[in-house]
Amino acid sequence: DSISKAAVMLLLHGDSDDPQVILTRRAQHLKNHAGEVAFPGGMKDKNDHDLLATALRETQEEIGLASSKINILGNLPTDSPRLNNIRVTPFIGWVDSPYSLIPDPSEIASVFNFPLSFLLDIKHYQYFFLTQGKIELPYVKYENYKIWGFTLKVMVDMLNSTLDAKIKLRYPSRKQLENLG
């Protein structure tokens, strides 16, 4: 099995004491993760110098945000969403105001701002069952968006590593996931 590489951009902006995250809802017609909340990002392409270049290119393509508007703050550990052969590296960037976003309708249904502080209140977390009730996953509901999976995990990991937020979510074990197979 070959491992594919991808990169996403966790974009912060606004008040540095209470930043917002720019999130997207993927278009319904896409074959992967249709309608799901995600960070801008995607698969590494042969012309990308490195994964940061991938994250910046995909951000420009998906939401029209020029890389010159993004100050890279660092990256989080590479992870694999679910049980697939994709390794995703999340980069963290700060977006200077003013900026404008032009979502690409072929990929993005909507773009919205999510207050990172929302995740610090444990009362916002709920769980839902996936795959006929076999596994349970955490999520938060914000306005009409359900944020879960890799997107939620990356934001919580960032809060835990930068603010020592001590947010502990229950995730299925690798064995539970493999038994779905």
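The values are calculated or read from the model by the stated rules, or taken from the named source; none is laboratory data. This one's a predicted model, so the numbers in the text were calculated from it and none came from an experiment. So basically every Cβ, Gly included, is an ideal-geometry build from the backbone, and we count neighbours across all protein chains shown. What goes into the accessible areas is simple: the full protein's heavy atoms, side chains included, and nothing from ligands, DNA or RNA. Shrake-Rupley method; radii C 1.70, N 1.55, O 1.52, S 1.80 Å.
Summary table
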| read-out | value |
| --- | --- |
| Positions within the range 15-51 being among the aliphatic types (A, V, I, L, M) and exposed (fewer than 13 other Cβ atoms within 10 Å of the Cβ), in sequence order | 34 |
| Residue tally, condition β-branched (Val, Ile, Thr) and surrounded by fewer than 18 Cβ atoms within 10 Å (Cβ to Cβ), over the range 62-83 | 2 |
| Residue 54 part of a helix (DSSP H, G or I), open to solvent by less than 70 Å² (accessible area, probe 1.4 Å) and closer than 21 Å to residue 101 by Cβ | yes |
| Verdict on residue 139 being in contact with a Lys or Arg (Cβ under 8 Å, 6 or more places away or on another chain), on the phi < 0 side of the Ramachandran plot and not in a strand (DSSP E or B) | no |
| In the range 84-98, residue modelled with the lowest pLDDT [restricted to those that are open to solvent by 30 Å² or more (accessible area, probe 1.4 Å), in a strand (DSSP E or B) and farther than 18 Å from residue 161 by Cβ] | 86 |
| Test: residue in the range 107-124 that is assigned to a strand (DSSP E or B), open to solvent by 30 Å² or more (accessible area, probe 1.4 Å) and within 14 Å of residue 154 (Cβ to Cβ) | no |
| Candidate set from the range 149-181 (those that are of a type in the set (Gly, Ala, Ser) and assigned to a loop (DSSP other than H, G, I, E, B)); member that is surrounded by the fewest Cβ atoms within 10 Å (Cβ to Cβ) | 181 |
